[in-house]
Amino acid sequence: MMKSHTSIPYVREAAALAASTAQQAAATGQQAASTAQQAASTAQQAAAFAAGAQQAQPTPAAPASPATPTSPAAPASPAASTAPATDLSGGIDIDPVDYWMRVMHFESRYWSINQLLEDLTATNILEISSGFSFRGLDLSQKKPVFYIDTDLPNIIAGKQRFIDALTADRSPAPAAPPGSPARTATPPPAPDTRPGHYELQPLNALDPAAFDAVINKFPPGPLTILNEGLLVYLDHAEKAQLCANIRKALLARTGKWITADIYIKRAEDDAGMRSAAWRKWSDEHGLEEKKFTSFEEAGRFFHSMGFEIEKEATQDYSRLTSFPQFLKAIGPSDHRRPSLLGAGPASELRRPGRPRLHATWRLRMRP
């Protein structure tokens with residue numbers, strides 16, 4: 001049974017940090033605009049003075065005021081703009097029920113990996129293509145793990161700035177605004193009291209030499225490898241290369257591979273996300289084509305790569321922090337409510353008539 005959680009660790013803190021960074025950038029832009037405006041005014045005055053001197057007038061003509069109708073319009077200050085703030089959801093025509101089901105999926109996927117970690121005595125943990133997940137930072141604050149967090153270099157560079165800021169500020173997280181759900185603050189302790197080791201490393205997981213180099217950074221002992229949101233971007237040959245890299249590492253060290261990337265192709269178009277930009281992005285990456293055709297086909301693939309399924313994660317959407325938002329979105333009178341909720345458990349929540357399309361597996365080496 002998946003434990004109840006208040007939020008994914010550090011996501012709120014990182015979001016607040018990103019918002020603060022955006023505000024600072026806006027303030028910097030405002031200062032730059034103000035400086036440019038002052039420079040334009042000074043240049044205008046100098047030009048007027050020069051024109052007056054060239055005409056040999058006894059006294060220079062008074063510089064035109066920037067506020068006069070004859071002067072060029074001053075650049076507008078960002079802070080003074082009356083334009084509405086950018087709507088981050090602009091261009092995405094999505095049903096609220098579908099939206100919150102998606103949020104629940106990603107939240108559930110995150111915790112499904114932690115669920116399959118719970119009954120392991122994992123100390124050496126490698127997460128590949130982790131994106132902006134802070135699982136490693138969180139675990140290293142709680143357990144004596146040696147955790148290496150990896151992704152492509154540009155992602156790691158950006159993530160390092162978040163990690164530096166999150167670990168530098170050890171003050172408690174700010175109180176939740178009135179009316180918002182309560183949350184548990186997760187301020188990291190001082191480095192010398194941290195039970196585990198955590199580091200970021202750039203890694204192309206398909207590069208055998210680079211993969212081996214990161215593996216060699218771990219102390220002796222079994223290795224646990226994690227990933228989510230990666231296999232769906234890989235074609236068959238790339239999946240096979242990743243499996244070969246992981247198998248080589250586990251043959252040398254023993255251990256397990258937890259992957260939350262068992263995605264099955266959809267039988268019909270996704271009616272929830274109607275954004276043309278989303279469809280274009282999905283088509284460009286060939287997401288549907290790179291998914292497995294069935295769970296059986298996925299099992300056969302991993303078996304052919306030298307792995308077998310040891311355990312599958314269970315899910316219970318009712319324990320997710322996004323579940324109340326979903327219930328609010330669907331409402332008591334929504335015609336889809338009986339089909340989505342009905343009398344069954346929330347763990348079976350899915351769109352009407354649509355089969356299960358995702359799983360998280362813990363794999364072990366096949367004899």
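Just so you know, all these numbers are worked out from the coordinates, no wet-lab data involved. Since the structure is predicted, the reported quantities are computational estimates derived from the model, not experimental observations. Here the Cβ is made from the backbone with ideal geometry for all residues, glycine too, and neighbour counts use every protein chain on show.
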Applying the gyration tensor rule to the Cα atoms of the range 220-261 (axes a ≥ b ≥ c; rounded if a/c under 1.5, else prolate if a/b exceeds b/c, else oblate), the class is oblate
Sorting Ser129, Ser318, Ser333 on the 10 Å Cβ count, fewest up front, what's the list? Ser333, Ser318, Ser129
R0 of 35 Å, Cβ-Cβ distance Asp95-Arg366: FRET efficiency to nearest 0.05: 0.25
